[in-house]
Amino acid sequence: MSVTASQVHGAVQTLTQSSDTLFLLLGAIMVFLMHAGFAFLEVGTVRQKNQVNALVKILADFGISALAYFFIGYWVAYGANFFADAETLSQGNGYELVKFFFLLTFAAAIPAIVSGGIAERARFYPILIATFFTVGLVYPLFEGMIWNGNFGVQAWFEAQFGVGFHDFAGSVVVHGVGGWIALVAVNFLGMRKGRIRAGKHTNFVPSNIPFLALGAWILCVGWFGFNVMSAQSLNGISGLVAMNSLMAMVGGIVASLIAGKNDPGFIHNGPLAGLVAICAGSDLMHPIGALVTGAIAGVLFVYLFTYLQNKTKIDDVLGVWPLHGVCGAWGGIAAGIFGQSALGGLGGVSLTVQVLGTLLGISVALIGALIVYGAINAMMGLRLSEEEEYNGADLTIHRISSTNDD
């Protein structure tokens, strides 16, 4: 029995589709696992009376994010929905369904980022309502502009400057947007009680350094799925992305080790700062450019977080604005610097476009967050009462403590 060329082509196409589907599914699972990292990073940082709330909040946020993105967000960003029959949806080995899962894990990172900033004094259900609207509307609005060409933004960049805004894995689209949304939420909530004593700032000590470290390690490992598998197909996979992610992470570790003076909180957040910053240009930069990008991000995080906690009334518990908001913005700009062929990169980027696109992402995040959190705060309030905050979110909201005191 002879095999025709069309049969061979069909078999190869089926194998390619199934391989790409499996590849992206593994990426989705790795990024989904990162949410455990977000949870343990927060659990290890907040005081013991708020640990249960940190765990529950991250998981509940993911559930609400999935509903918001399934019914609204994915349609806003990509113009697609899931109201066809199952046979239609499963075509091509269900690749489009797995693509949704992968992009959902990115979208759900927005409230996970916000959670770390607003910890220890936020009401539960008002925050879940905010999650629904930020994941359903605010985030996908900018996501669609950059990753799907919505509203002609990328076309305008290309017409004016010859290239579009480059954000391979979401330094600005995901982390920048999440961090700047968090800044708005943090400002609406205000400082935790007890942070100012005798006119001076007082910093609460992390409750569990091993949990904080575990969260950082989970995030670091999962980040290689976040970055490398943003190619979304086996054909597009690049070892350069993996190497640049590694070098940026190392740059963040060493820089935070030095700038943070051996502080374990800084050392475990340093690699995350580097990984946030490398997302945008990980497919373009030379590894040395990635190392510098990560090192600058590590220093930015240490000094900005120190300044916020000791000199301002911005009470960002995990430092998510400097870590994700500022380092994400730096990553968008760094792609326009170290992605240039003159600095060893692959080229095809414009620093002007990278700055403009980054500013656009920050603007969408700030305006969207002001509308969402401002409206919810006006209608039902975002913050626990003073007594509830004193008792802790665990007992106040969940009626259980993280430890058995019997």
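The values are calculated or read from the model by the stated rules, or taken from the named source; none is laboratory data. Bear in mind the structure is a predicted one, so any value in this text is a computation, not a measurement. Cβ atoms come from the backbone with ideal geometry, glycine included; neighbour counts cover every protein chain shown. To get the accessible areas, we keep the full protein, side chains included, count just its heavy atoms, and leave off ligands, DNA and RNA. Shrake-Rupley method; radii C 1.70, N 1.55, O 1.52, S 1.80 Å.
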Report task. Name the residue, out of Leu219, Leu308, Leu291, whose mean-square fluctuation peaks in a Gaussian network model built on the chain with Cα pairs under 10 Å. Result -> Leu308
Requested in this report: Pairs to check: Lys49/Lys193; Lys193/Lys261; Lys49/Lys261; Lys49/Lys200; Lys261/Lys311. Give those whose C-alpha atoms are more than 22 Å from each other in this structure.
Outcome: Lys193/Lys261; Lys49/Lys261; Lys49/Lys200
**Report entry** the chain: most fluctuating residue of Ala295, Ala248, Ala198 per GNM, C-alpha cutoff 10 Å
**Finding:** Ala198
Query raised in the report: Amide H to amide H, which residues 5 or more places from Arg383 or on other chains are under 5 Å from it, using H placed in the peptide plane?
Result: Arg123
Query - Degrees separating the helix 124-133 axis from the principal Cα axis of the chain, which is the longest one - result: 30
Query raised in the report: Modelled label-to-label distance, Gln48 and Thr14, 7 Å Cα→beta-carbon offset: nm?
Result: 6.0
Report task. Mind pulling the angle between the C-alpha long axis of helix 209-228 and the longest principal axis of the chain? Nearest 10 degrees, somewhere in 0 to 90. Result -> 20
Query raised in the report: Which residues in segment 274-305 have a backbone N closer than 20 Å to a point placed 7 Å from the Cα of Leu257 along the Cα-to-Cβ line?
Result: 274-278, 287-303
Report task. Rank Pro126, Pro140, Pro271 by mean-square fluctuation in a GNM of the chain with C-alpha springs under 10 angstrom and give only the top-ranked residue. Result -> Pro126
Report summary line: On the accessible surface of the chain, probed at 1.4 Å with all protein chains in place, carbon and sulfur together account for a percent value of 67
Query raised in the report: Stretch Thr4-Thr352 to full length: gain in nm at 0.36 nm per residue minus the Cα-Cα span?
Result: 120.1 nm
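Per residue, what accessible area does the chain have, given a 1.4 Å probe and all protein chains present, in Å²? Walk me through the numbers before you get to the answer.
Working: 16840 Å² over 406 residues.
Value returned for the chain: 41 Å² of accessible area per residue.
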Query raised in the report: How many angstrom separate the Cα center of segment 354-406 from the Cα center of segment 140-173?
Result: 29
Report task. Report, in whole Å, the centroid distance computed from the Cα atoms of segment 290-342 and segment 224-285. Result -> 13
Report summary line: For segment 54-71, in residue order, the Karplus 3J(HN,Hα) values (coefficients 6.51, -1.76, 1.60; θ = phi - 60°; whole Hz; Gly and Pro = x) are 4, 5, 5, 4, 5, 5, 5, 4, 5, x, 5, 4, 4, 5, 4, 6, 5, 8
**Report entry** ³J(HN,Hα), Karplus 6.51/-1.76/1.60, whole Hz, each residue of segment 153-159, x for Gly, Pro
**Finding:** 5, 5, 4, 5, 4, 5, 5
Query raised in the report: How long is the gain from Asn310 to Leu343 if the chain were fully straight, where each residue apart is worth 0.36 nm and the alpha carbon distance is subtracted?
Result: 8.2 nm
Report task. At 0.36 nm per residue, minus the direct Cα-Cα distance, what do Ala198 and Met379 gain on full extension? Give it in nm, one decimal, please. Result -> 61.8 nm
Requested in this report: Rounded to the nearest 10 degrees, what's the angle between the helix 95-107 long axis and the longest principal axis of the chain, both from Cα atoms, 0 to 90?
Outcome: 30
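Give the shape of segment 291-364 as rounded, prolate or oblate, defined through the alpha-carbon gyration tensor: a ≥ b ≥ c are the square roots of its eigenvalues, a/c under 1.5 means rounded, and otherwise the shape is prolate if a/b is larger than b/c and oblate if not. Can you show the working numbers first?
Details: a/c = 3.79, a/b = 1.84, b/c = 2.06.
Verdict is oblate for segment 291-364.
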Report task. Order the peptides 223-232, 205-214 from the highest to the lowest mean number of other Cβ atoms within 10 Å of their residues. Result -> 223-232, 205-214
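In deg cm²/dmol and to the nearest 500, what is the mean residue ellipticity at 222 nm of the chain if only DSSP H runs of at least 4 residues count, each as -39500 (n - 2.57), divided by the residue total? If you can, show how the numbers build up before the last one.
Working: 17 runs with 259 residues, N = 406.
Here the helix-only value at 222 nm equals -21000 deg cm²/dmol.
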